[in-house]
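The next block holds one structure in the form of structure tokens; read it before the comments.
The values are calculated or read from the model by the stated rules, or taken from the named source; none is laboratory data. Bear in mind that the values here come from a model prediction, so they are computed numbers and not experimental data. Here the Cβ is made from the backbone with ideal geometry for all residues, glycine too, and neighbour counts use every protein chain on show. Protein only, heavy atoms only, side chains kept; ligands, DNA and RNA dropped before computing areas. Shrake-Rupley method; radii C 1.70, N 1.55, O 1.52, S 1.80 Å.
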Amino acid sequence: MLIKEFLEKVCNEIKYKPIQSDISEELENHIEEIKEEQLQKGLEICKAEEIAVKQMGEPVEIGKRLNKIHRPRLDWKLLIIVLVLLAFGILVSFIRTQNILVNEFNNNYVVRNVLFLIIGLVLSIVIYFYDYTKLAKYSNYIYLFATIVCLFALFGGSASISGKMFLKVGLIFMPLEKIVLPFYIVAFAGFINNYDKNKIINISDIKINIDLVKILVSSFLSMGLMILIPSLISAIILALIYLILATVKIVSNKDSAKRNLTILYGIILLIVFYMIFLNPYRIERLNVSFNPEIDPEGGGWIVMQQRKILNSANFIGRADDLGLALNVFDEGCNYALLSIIAHYGIIPAIILIIVVIAFSSKIVYNSKTVKQLYGKYLLIGLGCLFIIESIVNILMNLTIGIQINSSLPFVSYGGTGQIMNMICIAMILSVYRRKNICKRA
């Protein structure tokens with residue numbers, strides 16, 4: 001049996017076609033090594049090739065084994081967890097719809113939420129089956145797109161609603177940070193993946209790595225744009241994700257990991273010191289978040305209302321003192337968890353928190369099982385976006401975190417934001433789908 005015939009029989013058993021060429025190339029290299037050994041023993045080319053192929057084993061059996069290893073897999077556990085979170089999101093929409101209908105406004109948020117979910121589902125299916133590895137080479141364009149969207153919004157293409165900036169396209173209003181954050185994360189994952197430590201230029205006898213400069217400039221520019229929106233929390237989340245991805249990249253290079261990590265975290269500590277300790281109003285805001293009694297009619301008012309609900313909440317059913325829940329917390333974006341506590345009790349809220357923890361744990365576990373480096377960076381980056389947003393929002397709802405403009409992924413009511421969440425989770429599922437496929441980026 002010739003090499004070509006052997007490889008064809010193996011590949012015929014492998015159902016996932018994009019990986020066939022890689023497997024074929026790997027097997028052919030192995031066969032050529034055996035063939036070379038036989039040629040050195042003095043055998044003729046045809047005989048050496050025949051022996052090399054024979055030593056590989058039965059091609060059909062090999063193909064079946066490789067098919068089991070390399071077939072795409074759907075992460076059913078993560079998908080079920082997301083569906084549970086979406087169910088809680090519909091519940092929050094139901095609460096909001098009930099209260100608005102009571103106030104004689106004809107607006108069914110359950111129907112709107114389901115509509116956005118359908119749109120998100122259609123887009124998610126496309127993303128899920130798309131080969132994410134192709135995105136790495138378009139990282140510059142992805143970053144440029146996000147930056148142009150930000151600049152367009154900042155220079156007139158936006159509208160401010162309740163202090164939050166929305167991208168205005170015709171009659172459609174989209175939360176700006178929900179649109180651009182995933183794009184910046186995907187672009188940064190590509191920059192980290194494509195980083196070449198040997199791409200050096202000399203300027204006045206100073207060696208400068210072009211890729212490193214690009215990563216630093218693009219990082220600070222994107223965070224700066226988030227601050228200008230203004231959305232400080234988005235800038236902080238983006239910085240944390242950049243830091244995590246950079247850490248993963250540095251740790252993978254064991255030779256200079258300690259030195260590079262020391263430099264990286266030293267710079268981060270200086271920036272944090274400047275942002276917090278050299279800006280008294282930020283310290284004051286932190287103080288009010290944890291001690292609302294010092295400003296009960298101002299910055300501490302919201303926290304005081306939250307505590308009224310939490311202190312009078314029942315295990316099941318409505319809280320004894322709803323306070324201003326109908327007017328403040330039932331809007332379904334920042335205070336979805338508190339709204340559930342107020343209307344349905346502590347136990348449903350605990351179940352929701354457990355589901356969020358399960359979601360976060362599954363993301364962390366999946367990041368350890370992915371073999372393809374670019375896929376690992378994507379999964380970690382987008383996964384951290386969900387995890388950090390969830391932690392910040394839950395702590396805020398329980399009054400043990402800072403009061404900021406944040407939502408609970410999949411649960412907080414939102415149109416475009418919900419669609420972007422579903423697209424991001426589809427990409428995470430797409431990475432997992434190919435987790436056992438060592439296809440080159």
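Is it the case that segment 149-162 has a residue that's in a strand (DSSP E or B), buried (at least 16 other Cβ atoms within 10 Å of the Cβ) and modelled with pLDDT under 90?
Yes, that holds for at least one residue.
Which condition from (1) aliphatic (A, V, I, L, M); (2) at pLDDT below 85; (3) closer than 21 Å to Ile241 by Cβ; (4) open to solvent by 80 Å² or more (accessible area, probe 1.4 Å) is the one that Met165 breaks?
Exception for Met165: condition (4).
What about Ile351, is it of a type in the set (A, V, I, L, M) and in a helix (DSSP H, G or I)?
When the stated conditions are applied, Ile351 passes them.
Before we move on, is Lys435 touching a residue at least 24 places away in the same chain (Cβ under 8 Å), open to solvent by 20 Å² or more (accessible area, probe 1.4 Å), in a loop (DSSP other than H, G, I, E, B) and of a type in the set (Lys, Arg)?
Against the criterion (touching a residue at least 24 places away in the same chain (Cβ under 8 Å), open to solvent by 20 Å² or more (accessible area, probe 1.4 Å), in a loop (DSSP other than H, G, I, E, B) and of a type in the set (Lys, Arg)), Lys435 qualifies.
When the residues of segment 245-274 are filtered to those that are among the hydrophobic types (A, V, I, L, M, F, W, C), closer than 20 Å to Val370 by Cβ and open to solvent by less than 60 Å² (accessible area, probe 1.4 Å), which remaining residue is modelled with the highest pLDDT?
Leu245
With the requirement that a residue be modelled with pLDDT of 85 or more and open to solvent by 20 Å² or more (accessible area, probe 1.4 Å), what does segment 189-211 give you?
Scanning segment 189-211 gives Asn193, Asn194, Tyr195, Ile210.
Of everything in segment 281-331 that's touching a Phe, Trp or Tyr at 6+ places or on another chain (Cβ under 8 Å), among the aliphatic types (A, V, I, L, M) and at pLDDT below 75, which residue is farthest from Leu398 (Cα to Cα)?
Ile283
Of the numbered conditions (1) in a helix (DSSP H, G or I); (2) within 18 Å of Gly417 (Cβ to Cβ); (3) in contact (Cβ under 8 Å) with a residue 12 or more places away in the chain; (4) not charged (D, E, K, R), Leu212 fails exactly one; give the number of that condition.
(2)
Just one of the numbered conditions (1) assigned to a loop (DSSP other than H, G, I, E, B); (2) without any contact (Cβ under 8 Å) to a residue 12 or more places away in the chain is not true of Asn311; which one?
(1) is the only condition that Asn311 fails.
Yes or no: segment 399-407 includes at least one residue that is surrounded by 21 or more Cβ atoms within 10 Å (Cβ to Cβ) and assigned to a helix (DSSP H, G or I).
Checked segment 399-407: no residue is surrounded by 21 or more Cβ atoms within 10 Å (Cβ to Cβ) and assigned to a helix (DSSP H, G or I).
Among all residue pairs at least 6 apart or on different chains, which show Cβ distances below 9 Å where the first residue, located in segment 1-26, is among the acidic types (Asp, Glu) and the second is outside any helix (DSSP H, G or I)?
Short answer, once both residue conditions are applied: Asp22/Ile437; Asp22/Cys438; Asp22/Lys439; Asp22/Arg440; Glu26/Cys438.
What are the residues in segment 4-62 that are small (Gly, Ala, Ser) and more than 42 Å from the chain's Cα centre (by Cα), if any?
Selection gives Gly42, Ala48, Ala52, Gly57.
Applying the selection to segment 224-244, what residues are in a helix (DSSP H, G or I) and either at positive phi or surrounded by 20 or more Cβ atoms within 10 Å (Cβ to Cβ) (or both)?
Within segment 224-244, Leu225, Met226, Ser234, Ala235, Ile237, Leu238, Ile241, Tyr242 meet the criteria.
For segment 389-410, give me each residue that is among the β-branched types (Val, Ile, Thr) and at pLDDT 90 or above.
Within segment 389-410, Ile391, Val392, Ile394 qualify.
Of everything in segment 346-383, what is surrounded by 18 or more Cβ atoms within 10 Å (Cβ to Cβ) and in contact with a Lys or Arg (Cβ under 7 Å, 6 or more places away or on another chain)? Give them in sequence order.
Matches in segment 346-383: Lys362, Ser367, Val370, Gln372, Gly375.
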